[in-house]
1. Please give, to one decimal in nm, the separation of the simple spin-label points placed at Y531 and D467, each 7 Å out from Cα toward the Cβ.
2. As a footprinting exposure proxy, order T175, T126 by other Cβ within 10 Å, with the fewest listed first.
3. Given the DSSP H assignment, sum -39500 (n - 2.57) over each helix run of at least 4 residues in the chain and divide by its residue total; what's the result at 222 nm in deg cm²/dmol, nearest 500?
4. Can you give me the angle between helix 426-441 and the longest principal axis of the chain, using Cα atoms only, in degrees from 0 to 90, rounded to the nearest 10?
5. Along the charge dipole of segment 440-531, pointing to its positive end and built from +1/-1 on Cβ of Lys, Arg, Asp and Glu, which listed residue (A458, A483, S505) has its Cα farthest out?
6. Net charge near R346, counting Lys/Arg +1 and Asp/Glu -1 over other residues with Cβ under 14 Å of its Cβ?
7. Would you please give the residues with an amide H less than 5 Å from that of L525, counting only those at least 5 places away or on a separate chain, with H modeled from the backbone geometry?
8. Thinking of segment 378-426 as a set of Cα atoms, what percent of all their pairs are more than 14 Å apart?
Amino acid sequence: MKKLYTTLFVFSLFAIIFSCTDVEEELRGVITTDISLEGIATDSGAGAGGDALEGAFSQLRSTGTAGHTNWYSAQELTSDEMVVTTKGGDWYDGGWLIDFHRHEYKSTNPSVNNNWNSHYGAVNATNELLAGGTLDANGTAQIRALRAYFFWRLMDMYGNIKLPTSPGSNVAQSTRAEAFAFIESELLAALGVSSISSSMDLSGSALSTAKDAYRLNQFGVLGIISKLYLNAEVYTGTARWQEAHDAADYIINNGGYSLCDAGCSVPNPGKRPDVPEDPDVLTGYAAVFAPNNQGNPEHIWSVKYDAATAGGMNLAMMSLHYSSQLTWNFDSQPWNGYSTLEDFYRSFDGDPRQKMAFIEGKQLDFGGSALLDYATDDGDPLLDYTPYINEIYPDGCRECGARPGKFSYSQFGRPDMDNDFTLIRLGQVYLIRAEALARVTGDWNNALTDTNVIRGRAGASALSSLDASSFLAERGREMFGEAVRRTDLIRFGEYGKAWWEKNPSTADKEIFPIPFDAIQADPSLKQNPGY
């Protein structure tokens, strides 16, 4: 990527209180030329690639894998990980964010509608490419597997879905079990096997074993099918733990991937030269999610994001307080939305990953001076991210809630970030194998070996015992912010339980309603029970 060296000129501060959807508080820097400042480099980003498959794989960005209102929002805001509080006139947005948190979503919810439309748009893009007849065997296998992945997301969210396999076609609505069977068959076809087992032979697969995290090789597809089987009992009523284990085990033993540990590091693009607390390099777990995480040895399948040419990763804008613009010298002001529930934050209980995953405490600007919130609502102008959140509505405090920072931020960043977003990575695969083995054998302590490998990589002490609850907590510490929590909570039977500002919810809320607009456009769609 081309390196641009820039400097920070004088920043002016305007105390106008806005948010991403109503009004906007201006805190803007003026950078007028590209000149060097020792210790700081900005990156304009690489090209998005030009091969024949790019249009289809770019749909991973179009479906909001790391952005607001689509896949990321549906997986995170309905879980016990994250919340968007209404801050006076900011972030109410018709109440849909509160409805997500409380599991009171309706068929007119904007994210419910956006997820349906964007994912079926992605399916259509894959169908058009397959119908074009220009792909070789490898390309065809990749796109069929990618389409199966989009269908998996739709099935996970909506249950009974349609499975069109040609451009613009309309087919009968399938049951969730029928959708599962079709998705499974497509993934197995791409792998060139009739079933997943410890003795399977993938030599007949059209998929490559070459490592390109922006495309699907054999190990990426095995990662998808391992996630499918891990949740099979939810989807069909029949557990498939052994197949989940065998798929994950094959990746670990044959993929040639490695955990990013103490010997794996990248320069820290967020480093402030005059702030000693900022590390010069990001090492191990932190490097997996860094702005310059491209080519990380742990990445099996990732979504390519780039500030200049592959936008859509907006986590800094979605999460940080307006004034945090002056910490990273962003060219736009953050929206002050997403924050972490206090109980989830405290569940890390000093785990080293807590410091890597969250931004908490008193904040400093680029030069190390205290950062201020001139429209403070707590009487103290110092910006201090507190784990405590006062309320979800109507006056959530502006600086409450530890902020997600696992996918870390760059100096002079744009609204679109450069961090690649991991869909399948080796750390996740270890946890899939661990859980599947525990469930097959009926003994959670059989998950200890793989779980302690993951903990050791992060610098956490080894555990001596596990049960379902402590394993779910460990998945939370390792997988926070990777858009898996909703699905995990459902699998562990925890999704309907009460948490902060949420009463117990009924089982029908484990899937979203079919969008009102979709049923209006296609009356053959049958609404899900309970809506």
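1. Here the answer is 3.6 nm between the modelled labels.
2. Going from sparsest to densest Cβ surroundings: T175, T126.
3. Estimated from H runs of four or more residues: -10000 deg cm²/dmol.
4. Between helix and principal axis, roughly 50 degrees.
5. The one lying farthest along the dipole's positive direction is A458.
6. -4
7. none
8. Value for segment 378-426: 68 percent of Cα pairs lie more than 14 Å apart.
Bear in mind that the values in this text are calculations on the coordinates, not laboratory data. What you see is a predicted model, and the numbers here were worked out from it, not measured in a lab. Glycine gets a Cβ as well: all are built from the backbone with ideal geometry, and neighbour counts include every protein chain shown.
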